Amino acid sequence: MVTLDVRPQLLDALSALRDRVAAARFPLPLAGAPRARANRDELLAQLDDYLVPRLREPEAPLLAVVGGSTGAGKSTLVNSLVGRRVSEAGVLRPTTRTPVLVCHPEDHHWFSGMRVLPDLTRVWVPHQEPGDDLLLPGENPARVLRVETAETLPRGLALLDAPDIDSLVADNRVLAAELICSADIWVMVTTAARYADAVPWHLLRTAKEYDAALVTVLDRVPHQVASEVSRQYAALLTKAGLGDVPRFTVPELPESAWGGGLLPATAVASLRNWLIHQVQDPANRQQTLARTAYGVLDSLKSRMPELASAAAAQYAAALRLTSAVDAAYDSEHARVRGRLQAGAVLAGDALKRWRAFPVDCSAGELLDALMESLAALLLCAVTAADERVDETWRREPAAGAPGLTDRDPSLESAEHRIGMAVRRWRRELEEYAEEEVRDLDRTVAPDPEAVAVLVATALLGGRRARSAGEGLAERIGAHGALRLRDRGGRLLAEHVDRVMHTERERRLAPLDALDVHPEPQAELIAALSVLQKER
Amino acid sequence: MTAVTDQDHTDHADHTDQADHTDHADHADHAGETVAEGGRPEKRSPEEGVSEDDAPVEGTSDAAPLGEGDENRTGAGDDSADGGRPKDGTVGTAGHAGTHHARVSEDDDAGSGRKDDDTRTRTDSASAEATSVWDDGLIARRVAEDGTVAPGYVPPVVETRGPSAQAMAAPLAYDGHLRSRLDALRELVGLSRTRLDSRTLSEAGRVLDEAAARRRLSGQHTVVAIAGATGSGKSQLFNALAGVAISETGVRRPTTAAPIACSWSDGAAGLIERIGIPPRLRRRPLQSAEAEAQLRGLVLIDLPDHDSAAVQHREQVDRVLALVDAVIWVVDPEKYADAMLHERYLRPMAGHAEVMFVVLNQIDRLPGEATEQVLDDLRRLLDEDGIALGEYGEPGATVLALSALTGDGLGELREALGQFVAERGAPARRISADLDAAAVGLWPVYATRRRTGLSEEARDEFAGRLADAVGATAAGEAAERAWLRNANRACGTPWLRLWRWYQDRYETPTGRLLLRTQEDEEATARQRVEQAVRTLADRASAGLPAPWAQAVREAAVRGSQGLPEALDELAARAGLPPGRPPRPGWWPGAVLTQAAMTVLQIVGGLWLLGQIIGFMAPNLGVPVMLMVAGIIGGPLVEWSCRMAARGPARRYGTDAERRLREAAAGCGRARVLDPVAAELLRYREVREQFGRVTGVGAAAGTR
């Protein structure tokens, strides 16, 4: 027999693991992401609501959560077990919207604090009408837990009436799953009409997976068919590998059925006795506690790697997106360099002006045309890169994350930024030219602007601007010309690099903001292995 | 009469049916072939189709009462197979029948070829989709990976979907509106097959196939399926309506494993076959004149459950629900709010409200006034699902409460069903609702909320960018200045020219000397062309649904290949001829005047010189006057020439610019703008078709 012995190291490892789980994020809309998010939330809820408080305080009362489909008679069952109407029952579905916890008055302190189910606000008043708005704005009305006390329950046992597990109301669904995961004893209620439904079977399978202390109740069985239905249900359970689960049958009785009344004590006596036996016999209690707790601990072995692999998938997807951007910008960068070398800037307007220079065109005009052409080249490269990134990303499901692809407003500013960079290069080039001219000890110093234009043309025009280089050498000497061209060229390369880099960073910024790292995967696995060692 | 003897009877009827079918099918094939051989064009204009189709429709409506009368007289309807024959004969002339069959077989060609594949992929994708929606990871919704738990698993009935059977009853006819919508959808699918992937279009294809298949079958029958959760009493209701215990009922869950059909009148064999119910599962109701009169034409189908752990049942339900004309959803007080029912079936089928009954069964389990409460709650839930409720005479779902066990409220359902079946509108309404659903599914790939197309502005901007790329502005300016310079030089005073010539000797030439010596390669700015095309593509595809935007972009990119080279060549051709710019007529005069002025100066100077050296008689006045006139007149002539040259120079420059600009724009239009506009036109056409499919008319594209 397993018993529950808890060492502080285990608790430490567990809370470290909890933090890791809480820190895991799955922002990219991959195929498995919604599931991973749900798993994470569920695991987190189970750790917070059940495992950690249970291991901290093994002496706390056992919590039996009654769960099942809508209309299965969960509330009626709880009421009947308690012996008075604590939970609303009725004919309209879904009936229970606020979960109700019932315990012995002396156990009240265990549940009034935030020891278990810390997400749920406790309310004490009996059920309010839905119209009453005592809630603060922004407070989720579904996230409340009503705590009731009843003398009829033995000490050390608490019953929780959960909303239906497959409610039409999505919040209820999530809440029910969370509540069931916080139970020491899972009480699964199904009915004669429902015992073959898919939904309760999913639930039973999950219970088996977590190896929780499980008990099933076949509710609302018309007495004519009781034995047959019960037999078939047993057969199905056995087939599913749940043959050893305690099974109770509650008949459908006229006084109970739809009035929300109480079943006679005899109808639920066997279940009640079983529960009391679980609580009051120390050995049984220990076993029940340990079984569910270790079941959850064991389930971590498969659930943590699942989360870790989801985190790894996120990182891989982010990496793919990033590398697509990098590849696009790298290749465009290379293309820009190649075209600069080939003198693609000296084309169109700029070429026409260069042909007319200096007779029919001033140096300023030529310089303007050159700068415009350079800006056009850079802008073309950036938009081409963006387009290529878009195309690659279109095939990536991860690129659907909000904010990753809407880049329309930034295009204008890209033009603006490129224009700024080009103008700055021009200004610096003109300054260099002035410096060179000033140092020249000639009687007739050449016009600095003309020198700047010749340098720019020589740098941007490639092969077809050879004469610009010659002209420059004639004006300021071969040495000065070489120096000027060198400095201007370095400056140009620097500016082009910076522009491409800035634009790439801009493109990657939303992806970086999502904060997808490789660490969570390793951390999750590490936390799990620490936990394994401490057990 | 018991169900067993009844079955015999149906079997017998089936045999005759079969024989008749093959006969018919042959006939149809034959007709189709001859027509096809006749070289009939495959595609018809809608008007033609309509006019041809009208005849059979009228014939049917005439013939139907006749046939019914016949059956009434003979009673059991044993010889309905024979009854079908004359009907066909009365439909119209042989020619009419021929065209009709040809049409059918044509539809067949269009549909059945890929039907089998389609159905399979459809169910696959549908179930995958449903699974993904449903399987959201909550602990109650995890779909079994291994599927080990399958209580009450019954192997699915092997379907035998024979050659498409011909109904002997008059086939269904859709009204003009629905028919034109279907035609529009067919056209739409044809138009967009190259642009959209087949997955997007599969739903539309399925609707078309189903519409064609349903249309070939009896229009006098309405197929109604009874669907619901396990244990809600579907089979009980089925039996109650039929009056015989046909379908097995029991406490064992799930009870019914395969669909069972029950037909109130003959001629529905084709319909039942389409659903894939084998003959051994076809039944007849209890024979009673009253029930027969009320529910004539009803084919009722009892379905397995959709919510049990037996996944095969759900697959059967999903398959059959796509094929029937109407559905009765049976819910019970315990399960009426199940998420499975609402999220998985009722919400997606909200558009089918008109062919939907929602029946609250087992009201005998509810105490007195609770029935009304539950019914109201059910109505509220249905309303939240988006299902229109057929209250106050509005079209919508019929909601009823009954007890199949005690028979409470059964009469109401019978009455509603009878009326529903007698209207015979259900198949068309179902197809119409399917069409609506398909249109909603296609909405994102066809519709746009913005006005699309290329604005005049965008076209002008594109032309402007191309002109920039070839350097039209700079070329124009350069030409203007060169002209002006030449004019000045020609008309300037010789002294000024002499000085300039002297200066030029020491001025180092830069780019100017190369001007005439070297032919430029790549004179067009490649990056500007690329950017211009990209901007244009962006503008043109703004607001278009993704596939069409992609097509537009591709058209632009395809057109832009070779555009820079073409512009290079064109710039060389459309540019100014090399050499000196042309001279206006007044130039020689100006040059002569300038020369005269110089001559005056020289003459005056010589005269003065002559006087100084005493060669001539002293006369200061005239030579000084001559010289002064020459000295003042020279610059004056030069200045006035410059003024006069300004206009022609500008004209010359703008002319040069315009020639380049127009050539570039023309090149861009032919290579890029026209293909893009064609693509946009194609989209507009498709959108118009889509508007017709949605039934709002051609003007609905931009709503």
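The values are calculated or read from the model by the stated rules, or taken from the named source; none is laboratory data. Everything numeric in this text was worked out from a predicted model, so none of it was measured. Here the Cβ positions follow ideal geometry from the backbone for every residue, glycine too, while neighbour counts run over all protein chains shown.
A few points about this structure:
- Scan of the range A:472-491 for residues that are within 14 Å of chain B (Cβ to nearest Cβ) and surrounded by 16 or more Cβ atoms within 10 Å (Cβ to Cβ), ordered by number: A:Leu472, A:Ala473, A:Arg475, A:Ile476, A:Ala481
- Qualifying residue in the range B:506-529 (condition: of a type in the set (D, E, K, R) and at pLDDT 85 or above): yes
- Taking the listed residues A:Gly295, A:Gly241, the one that is in a loop (DSSP other than H, G, I, E, B) and farther than 25 Å from A:Asn79 by Cβ is A:Gly241, with no other qualifying.
- Evaluation of A:Val382 against (1) surrounded by fewer than 24 Cβ atoms within 10 Å (Cβ to Cβ); (2) under 18 Å from A:Ala414 (Cβ atoms) (one fails), failing number: (1)
- Restricting A:Val199, A:Val245 to those that are more than 8 Å from chain B (Cβ to nearest Cβ), surrounded by 19 or more Cβ atoms within 10 Å (Cβ to Cβ) and of a type outside the set (Gly, Ala, Ser) reduces the list to A:Val245.
- Within the span defined as the range A:221-230, every residue fails to be within 30 Å of B:Pro367 (Cα to Cα), surrounded by 20 or more Cβ atoms within 10 Å (Cβ to Cβ), at the interface with chain B (Cβ under 10 Å from one of its Cβ atoms) and among the acidic types (Asp, Glu).
Rundown of residues vs (1) within 30 Å of B:Thr255 (Cβ to Cβ); (2) modelled with pLDDT of 85 or more; (3) not basic (Lys, Arg), yes/no style:
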residue	(1), (2), (3)
A:Gly131	no, no, yes
A:Ala142	no, no, yes
A:Glu148	no, yes, yes
A:Thr152	no, yes, yes
A:Leu157	no, yes, yes
A:Asp161	no, yes, yes
A:Asp164	yes, no, yes
A:Trp201	yes, yes, yes
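- Qualifying residue in the range A:48-58 (condition: surrounded by fewer than 19 Cβ atoms within 10 Å (Cβ to Cβ), in a loop (DSSP other than H, G, I, E, B) and either away from every other protein chain (no Cβ under 12 Å) or under 29 Å from the mean Cα position of the chain (by Cα) (or both)): yes
- Number of residues in the range A:332-362 that are on the phi < 0 side of the Ramachandran plot, among the small types (Gly, Ala, Ser) and more than 7 Å from every other protein chain (Cβ to nearest Cβ) equals 5.
- In the range B:311-330, the residues that are among the hydrophobic types (A, V, I, L, M, F, W, C), crowded, with 24+ Cβ neighbours inside 10 Å and not in a strand (DSSP E or B): B:Val324
- Residues that are farther than 26 Å from A:Asp184 by Cβ and not in a helix (DSSP H, G or I), drawn from the range A:201-238: A:Val221, A:Pro222
- Breaking point among (1) within 14 Å of chain A (Cβ to nearest Cβ); (2) over 26 Å from B:Leu323 (Cα atoms), for B:Gly409: (1)
- Restricting A:Arg424, A:Arg498, A:Arg463 to residues that are outside any loop (DSSP other than H, G, I, E, B), exposed (fewer than 15 other Cβ atoms within 10 Å of the Cβ), in contact (Cβ under 8 Å) with a residue 60 or more places away in the chain and within 14 Å of chain B (Cβ to nearest Cβ) narrows the list to A:Arg463.
- Some residue of the range A:415-429 being in contact with a Leu (Cβ under 7 Å, 6 or more places away or on another chain) and at pLDDT below 80: no
- Test: residue in the range A:172-182 that is among the hydroxyl-bearing types (Ser, Thr, Tyr), surrounded by 19 or more Cβ atoms within 10 Å (Cβ to Cβ) and modelled with pLDDT of 80 or more: yes
- When we screen A:Val279, A:Val268 for residues that are more than 11 Å from every other protein chain (Cβ to nearest Cβ), in contact with a Gly (Cβ under 6 Å, 6 or more places away or on another chain) and in contact (Cβ under 8 Å) with a residue 40 or more places away in the chain, the only hit is A:Val279.
- Residue in the range B:234-251 that is more than 21 Å from B:Gly418 (Cβ to Cβ), β-branched (Val, Ile, Thr) and buried (at least 24 other Cβ atoms within 10 Å of the Cβ) present: no
- Residue among B:Asp307, B:Asp302 that alone is at pLDDT 85 or above, touching a helix residue (DSSP H, G or I) at 6+ places or on another chain (Cβ under 9 Å) and of a type in the set (Asp, Glu): B:Asp302
- So A:Tyr329, is it surrounded by 18 or more Cβ atoms within 10 Å (Cβ to Cβ), aromatic (Phe, Trp, Tyr) and away from every other protein chain (no Cβ under 14 Å): yes
- So A:Gln314, is it more than 30 Å from A:Ala399 (Cβ to Cβ) and part of a helix (DSSP H, G or I): no
- Candidate set from the range B:271-302 (those that are in a loop (DSSP other than H, G, I, E, B) and basic (Lys, Arg)); member that is nearest to the chain's Cα centre (by Cα): B:Arg296
- For B:Arg365: the one exception among (1) within 11 Å of chain A (Cβ to nearest Cβ); (2) surrounded by fewer than 19 Cβ atoms within 10 Å (Cβ to Cβ); (3) without any contact (Cβ under 8 Å) to a residue 40 or more places away in the chain: (2)
- Where a residue in the range A:368-386 is more than 9 Å from chain B (Cβ to nearest Cβ) and its partner, wherever it lies, is among the polar types (S, T, N, Q) and buried (at least 24 other Cβ atoms within 10 Å of the Cβ), with Cβ under 7 Å and at least six apart: A:Leu370/A:Thr457
- On inspection, B:Arg465 does not qualify as out of contact with any His (no Cβ under 9 Å at 6 or more places or on another chain), among the basic types (Lys, Arg), farther than 28 Å from B:Gly233 by Cα and surrounded by fewer than 17 Cβ atoms within 10 Å (Cβ to Cβ).
- Boolean, B:Arg347 is touching a helix residue (DSSP H, G or I) at 6+ places or on another chain (Cβ under 6 Å), among the basic types (Lys, Arg) and either surrounded by fewer than 21 Cβ atoms within 10 Å (Cβ to Cβ) or within 11 Å of another protein chain (Cβ to nearest Cβ) (or both): yes
- Of all residues in the range B:282-332, those being among the hydrophobic types (A, V, I, L, M, F, W, C), over 17 Å from B:Ile226 (Cβ atoms) and within 14 Å of another protein chain (Cβ to nearest Cβ) number 3.
- Residue list for the range A:223-238, restricted to those being free of Cβ contacts under 8 Å to residues at least 24 places away in the same chain and under 19 Å from A:Thr76 (Cα atoms): none
- All positions within the range B:205-234 that are in contact with a strand residue (DSSP E or B) (Cβ under 8 Å, 6 or more places away or on another chain), away from chain A (no Cβ under 14 Å) and not polar (S, T, N, Q): B:Arg215, B:Arg216, B:Leu217, B:Gly219, B:His221, B:Val223, B:Val224, B:Ala225, B:Ile226, B:Ala227
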